[in-house]
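**Q** The structure is given below, and queries will be raised subsequently.
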Amino acid sequence: MSVSRYDVAIIGGGVIGCAAAYFLARAGVARLCVIEPDPTYANAATPVATGGCRRLFGRPENIRMSQFSIEFFKEFGAHMAVEGSFPDVQWKEGGYLFVVTPGHEKVLEANFRTQQSLGVKVELLDRAQIAARYPWMRCDDLALGVLSPEDGWLDPNTVLQGFRKKAQSLGAEFVRERVVNLYTSGTRVSQVEVSSGARIGADAFVNAAGCWAASIAKLVGMELPVNPMRRFEHYVEISERLPPMPLIKDPDRLVIRPEGPGYSVGLVASGEPRGFNFDADPHYFEEVVWPACASRIPSFESLKLRREWAGLYDECELDGNMILGNWPGRLDNFHVACGFSGHGLMHAPAVGRALAELITKGRYETLDLSRMGYRRVVENVPYAETGIL
Ligand SMILES: Cc1cc2nc3c(=O)[nH]c(=O)nc-3n(C[C@H](O)[C@H](O)[C@H](O)COP(=O)(O)OP(=O)(O)OC[C@H]3O[C@@H](n4cnc5c(N)ncnc54)[C@H](O)[C@@H]3O)c2cc1C
């Protein structure tokens, strides 16, 4: 049986695995591999993401991760330059606007204060101010909004490919295989077996397999409360030309942002049955998304649906936050990075940096993310994100 050996082996080459590979290579890890079965990323979450990047969270860790990551994205081309080619993530600093109905002001205000205390440029807007600024939006049911004008969106696939190519140029090897089994020795994972039957040994492993991460961790007894949750994205056009708008998240969890000549819209259904379902559902758009769009912005009444697709959130059922790091004392060299619940793209640079610190230094150096660790799962102590409205 053939066994290849690496310092670090990363399972899953989506944006999280590729970002980890980049930061590990930068940190001097020489023998590094990313095990990814599908270079087309047909079912991966990364290429189908909306691309939104926001500092509008309630937990300081999430805000700080966004602060680092957004600045990183703004310099992405320079960071990821390979042989004179500078990937352009098409960063659009359109801003993020969260609006809430009466009764929800307190959460928004508390988050606003946390965001401000961490140096985020945010504005609190009452109903009259929202109406004055966005006269094309229905505001009569709203109580309050918070605008983060320096947030924005970008192209997810360019981020993915940028990290991947740069990591490769720094020596990371991409192995086109699927992990099918793990082998342990004491409190360490020693090898993984891949679909061809070959084995890969490493000093440390990262489980960055997104929606598939829980089934991989289960092979070594690590239960992750992470399930696939289908989420639709729709591209629509309207006949009217509205002024430039931020990404708007409304009380129905409707998200609308400009995209080219039209708009990218989505509405997260938290009750969606969990599982690997990639099918589109035309009824959902007609019955839920369209009415919600038209109700918030009347010009969307006559929209034209041009394209729609489905992808999967790796939803953390415990608290909607990522699970990051090892299982201390039980699986010391096996680091998970999953459960991103819709925020993995915007946090990928910070997560990659964090994993590189954990693996090469044994601790967080720049940003302490211990509260995002597996301990809270074992102890069943959720660390919920109050910024998700
Ligand atoms: C519709 C939609 C909109 C979104 N919008 C946003 C947004 O606006 N902003 C944001 O930040 N996030 C957003 N997200 C979430 C974001 O896309 C994810 O959090 C992020 O892409 C997760 O990256 P990942 O690398 O963990 O997972 P993935 O991109 O899914 O990559 C996991 C990889 O693991 C591989 N794999 C699976 N099984 C194995 C195995 N056995 N062995 C080896 N490899 C394996 C898969 O092939 C896959 O390529 C959105 C998600 C969806 C679905």
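**Q** Name the residue farthest towards the positive end of the dipole of region 172-328 from the options Phe276, Leu324, Ile297, assuming +1 on Cβ of Lys and Arg, -1 on Cβ of Asp and Glu, about the Cα centre.
**A** Leu324
**Q** A further question on this structure: Quick check for me: using +1 on Lys/Arg Cβ and -1 on Asp/Glu Cβ, what's the dipole size of region 190-326 about its Cα centre, in debye to the nearest 20?
**A** Values: 13 positive and 20 negative charges, 56 e Å.
Its charge dipole is roughly 260 debye.
**Q** Looking at the chain from every direction and averaging, what is the projected area of its Cα convex hull in nm²?
**A** Projected area, direction-averaged: 18.7 nm².
**Q** At a Cα cut-off below 28 Å, give the lysines reachable from Lys74, other chains included and same-chain residues fewer than 8 away excluded.
**A** Qualifying lysines at Cα under 28 Å: Lys92, Lys121, Lys165, Lys166, Lys249, Lys361.
**Q** At 0.36 nm per residue, and after removing the present C-alpha to C-alpha distance, how many nm does the segment from Lys218 to Asp126 gain when stretched out fully? Intermediate results must be reported in sequence, preceding the final value.
**A** On the way: separation 92, 0.36 × 92 = 33.12 nm, distance 4.77 nm.
Here the answer is 28.4 nm.
**Q** Mind sorting Val8, Val122, Val220, Val381 by how few other Cβ atoms lie within 10 Å of their own Cβ, fewest first? Mind showing how you got there, number by number?
**A** Working: Val8 27, Val122 22, Val220 17, Val381 11.
Lowest to highest Cβ neighbour count: Val381, Val220, Val122, Val8.
**Q** For region 60-163, what is the charge dipole size about the Cα centre, in debye to the nearest 20, if Lys and Arg each add +1 at the Cβ and Asp and Glu each add -1 at the Cβ?
**A** Working: 9 positive and 15 negative charges, 54 e Å.
My answer is approximately 260 debye.
**Q** Once the Cα atoms of region 179-268 are picked out, what are the Rg and Dmax in Å?
**A** 21.4, 64
**Q** Further question: Please give the peptides 126-138, 106-118, 332-344 ranked by average Cβ packing (other Cβ atoms within 10 Å per residue), highest first, as a rough proxy for protection.
**A** Numbers: 126-138: 15.0, 106-118: 16.6, 332-344: 24.5.
So the peptides 126-138, 106-118, 332-344, ranked by packing, come out 332-344, 106-118, 126-138.
**Q** Also, I was wondering about something else. With charges only on Cβ, +1 for K and R and -1 for D and E, what is the dipole size of the chain about its Cα centre, in debye, rounded to 20?
**A** Details: 41 positive and 46 negative charges, 172 e Å.
Roughly 820 debye for the chain.
**Q** Counting Lys and Arg as +1 and Asp and Glu as -1, what is the net charge of the other residues whose Cβ lies under 13 Å from the Cβ of Ile10?
**A** Values: positive: Arg31, Arg164; negative: Asp7, Glu36, Glu173, Glu177, Asp203.
So the surrounding residues net to -3.
**Q** Mind sorting Trp153, Trp327, Trp212 by how few other Cβ atoms lie within 10 Å of their own Cβ, fewest first? Kindly include the intermediate steps, with their values, before the conclusion.
**A** Values: Trp153 27, Trp327 21, Trp212 24.
In order of increasing Cβ crowding within 10 Å: Trp327, Trp212, Trp153.
Values in this text are rule-based calculations from the coordinates and carry no lab data. Please read all numbers here as calculations on a predicted model, not as lab measurements. Positions of Cβ are generated from backbone atoms using ideal geometry, with glycine treated the same way; all protein chains shown enter the neighbour counts.
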